[in-house]
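Data block below; observations after.
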Amino acid sequence: AGAVPFHGEHQAGITTPAQDRLHFVAFDVVTKDRARLVELLGEWTAAAARMTAGKDAGVIGAVGGVPEAPPDDTGEALGLPPSQLTLTVGFGPTLFRDAQGRDRFGLADRRPAALVDLPHFAGDALRPEISGGDLCVQACANDPQVAVHAIRNLARIGMGVVSVRWSQLGFGRTSSTSTGQATPRNLFGFKDGTANLKAEDGGLLREHLWVQPGDGPDWMTGGSYLVTRKIRMLVETWDRSSLVEQEQIVGRAKGSGAPLGRGDEFDEPDFAAKGDDGQPMIAATSHVRLAHPDANDGARLLRRGYNFVDGSDGLGRLDAGLFFIAYQRDPRRQFVPIQTRLARNDAMNEYLRHVSSGIFACPPGVRDGGDHWGRALF
Ligand code: HEM
């Protein structure tokens with residue numbers, strides 16, 4: 001139930017061990033006043049440093065203030081431990097130039113080329129009202145009340161400056177970001193997060209995760225690009241498919257998580273192996289074959305997604321799926337080509353619908369008490 005350090009070279013909530021719960025929010029900036037936006041980022045940073053340490057959002061707290069005024073904390077986390085809460089901020093393309101082409105905050109020339117507008121992928125069924133956003137905050141914790149409390153208080157503090165565009169709850173991590181964590185399972189029942197970038201990967205993190213000096217504008221050095229996709233999983237249809245079909249679609253065994261034809265979860269897949277019928281053990285249209293670095297010029301991702309069930313859809317089906325979250329050094333070389341390949345050929349697509357999409361530039365970490373979110377950008 002401990003605290004994850006808020007300050008550091010990189011933002012927490014990326015390589016820090018993936019917690020079990022998510023509340024992700026995207027905001028639109030509603031003020032035209034650049035100074036007011038920068039002031040809010042400072043206020044948010046102070047509140048985030050406090051809440052990740054298990055304290056109230058404001059210095060006075062939920063119950064310590066004058067009775068005639070609204071409290072500076074909403075109170076529902078009183079008495080709860082920090083629960084490994086992390087708060088990770090990101091800036092969307094529309095902060096730099098909005099849909100009408102306006103440069104509202106004088107940031108257009110600060111936009112990194114890597115912060116692309118994602119292309120349309122085959123099969124996309126995106127809903128604009130739950131996609132995009134000028135800013136995002138990813139709250140992860142091991143207690144859902146703690147994650148929701150954090151987002152609610154940031155929204156409260158931001159009133160008049162930002163408004164919530166969309167938000168998503170997630171339960172059950174679908175990845176591991178540390179070799180010390182067991183691999184969890186997604187709602188198809190498969191281990192998810194086996195072949196992920198992990199905190200211990202050292203050189204691979206420099207190559208594939210963190211923005212390096214010279215990659216683009218200096219304000220992003222030490223940061224990472226975040227892509228979110230809300231992917232509805234048609235679980236009722238999936239549940240009527242056979243075990244062997246499910247395993248061929250994924251390319252791994254459902255029980256052990258091992259690549260087909262191998263014995264252990266962490267064995268490398270052998271894409272050349274053929275079965276008794278002469279067919280490849282791991283089908284050409286399987287998810288792991290198409291997503292593997294061998295098929296994508298070596299590109300890798302740090303995946304950090306969550307399962308979601310948003311009730312049911314009124315047609316007798318669960319509104320369930322994966323809130324996919326991936327961090328990377330450059331989406332042009334990582335998410336975009338991988339998803340292009342998956343969208344065209346992945347046998348899993350029959351059971352998936354991408355309904356929301358977001359891309360955000362997550363700056364490096366807040367160094368100390370004198371630093372704040374977005375300081376180097378503005
Ligand atoms: C691997 C499930 C969407 C990229 C896997 C694995 C599973 C899985 C079960 C194998 C275990 C592992 O290594 O983690 C799913 C499901 C999805 C989904 C159910 C949708 C609901 C995506 C998307 C991307 C992606 C949208 C990226 C565009 C990857 C990558 C791997 C992977 C890079 C590792 C491949 C390797 O190196 O072996 N996924 N995935 N997945 N997935 Fe997905």
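Observations, loosely collected:
- Each residue in segment 63-93 was checked for being in contact (Cβ under 8 Å) with a residue 60 or more places away in the chain and surrounded by fewer than 19 Cβ atoms within 10 Å (Cβ to Cβ), and 4 of them qualify.
- Pairs, first over 11 Å from Met220 (Cβ atoms) in segment 348-364, second within 12 Å of the ligand (Cβ to nearest atom) and polar (S, T, N, Q), C-beta under 8 Å, six or more apart: Ser356/Thr228; Ser357/Thr228; Gly358/Thr228; Ile359/Thr228; Phe360/Thr228
- Flag for Ile325 being out of contact with any Lys or Arg (no Cβ under 8 Å at 6 or more places or on another chain), of a type in the set (A, V, I, L, M) and in contact (Cβ under 8 Å) with a residue 60 or more places away in the chain: no
- Residue check, Arg152 of a type outside the set (S, T, N, Q), within 16 Å of the ligand (Cβ to nearest atom) and at pLDDT 95 or above: no
- The listed residues are Val336, Val355, and the only one of them that is of a type in the set (A, V, I, L, M, F, W, C), in a helix (DSSP H, G or I), out of contact with any helix residue (DSSP H, G or I) (no Cβ under 6 Å at 6 or more places or on another chain) and over 27 Å from Ala48 (Cα atoms) turns out to be Val336.
- For segment 320-352, the set of residues classified as under 18 Å from Gly189 (Cβ atoms) and either modelled with pLDDT under 95 or acidic (Asp, Glu) (or both) consists of Asp346, Glu350, listed by residue number.
- Arg303 meets all of the listed conditions (1) out of contact with any Lys or Arg (no Cβ under 7 Å at 6 or more places or on another chain); (2) more than 8 Å from the ligand (Cβ to nearest atom) but one, namely (2).
- Among the residues of segment 142-199, those that are assigned to a strand (DSSP E or B) and not charged (D, E, K, R) comprise Met159, Val162, Ser163, Val164, Trp166, Ser167, Gln168, Leu169, Gly170, Phe171, Gly172.
- Asp192 within 14 Å of the ligand (Cβ to nearest atom) and over 18 Å from Cys140 (Cβ atoms): no
- Residues located in segment 1-40, provided they are at pLDDT 95 or above, among the hydrophobic types (A, V, I, L, M, F, W, C) and exposed (fewer than 15 other Cβ atoms within 10 Å of the Cβ): Val30, Ala35
- Pairing residues of segment 172-190 that are aromatic (Phe, Trp, Tyr) with residues that are near the ligand (Cβ under 10 Å from one of its atoms) and in a strand (DSSP E or B), at Cβ distances under 8 Å and at least 6 apart in sequence or on separate chains, gives Phe188/Met233; Phe190/Arg252.
- Test: residue in segment 217-224 that is modelled with pLDDT of 95 or more, more than 10 Å from the ligand (Cβ to nearest atom) and assigned to a strand (DSSP E or B): yes
- Top-ranked residue in segment 355-365 [being buried (at least 22 other Cβ atoms within 10 Å of the Cβ) and of a type outside the set (Ser, Thr, Tyr); ranked as farthest from Val227 (Cα to Cα)]: Pro363
- Filtered by the rule that a residue be near the ligand (Cβ under 9 Å from one of its atoms), assigned to a loop (DSSP other than H, G, I, E, B) and either closer than 12 Å to Asp346 by Cα or touching a His at 6+ places or on another chain (Cβ under 8 Å) (or both), segment 261-291 gives a lone residue, Pro269.
- When segment 166-189 is filtered for residues that are more than 12 Å from the ligand (Cβ to nearest atom) and surrounded by fewer than 22 Cβ atoms within 10 Å (Cβ to Cβ), the ones remaining, listed by number, are Trp166, Ser167, Gln168, Leu169, Phe171, Gly172, Ser178, Thr179, Gly180, Gln181, Ala182.
- Close contacts from segment 197-221, counting a first residue that is without any contact (Cβ under 8 Å) to a residue 60 or more places away in the chain and a second that is surrounded by fewer than 21 Cβ atoms within 10 Å (Cβ to Cβ) and not basic (Lys, Arg), with Cβ to Cβ under 7 Å and a gap of 6+ residues or different chains, come to Glu200/Ser178; Glu200/Thr179; Arg206/Gln212; Pro213/Thr221.
The values are calculated or read from the model by the stated rules, or taken from the named source; none is laboratory data. Please read all numbers here as calculations on a predicted model, not as lab measurements. Neighbour counts run over all protein chains shown; Cβ positions are idealised from the backbone, glycine included.
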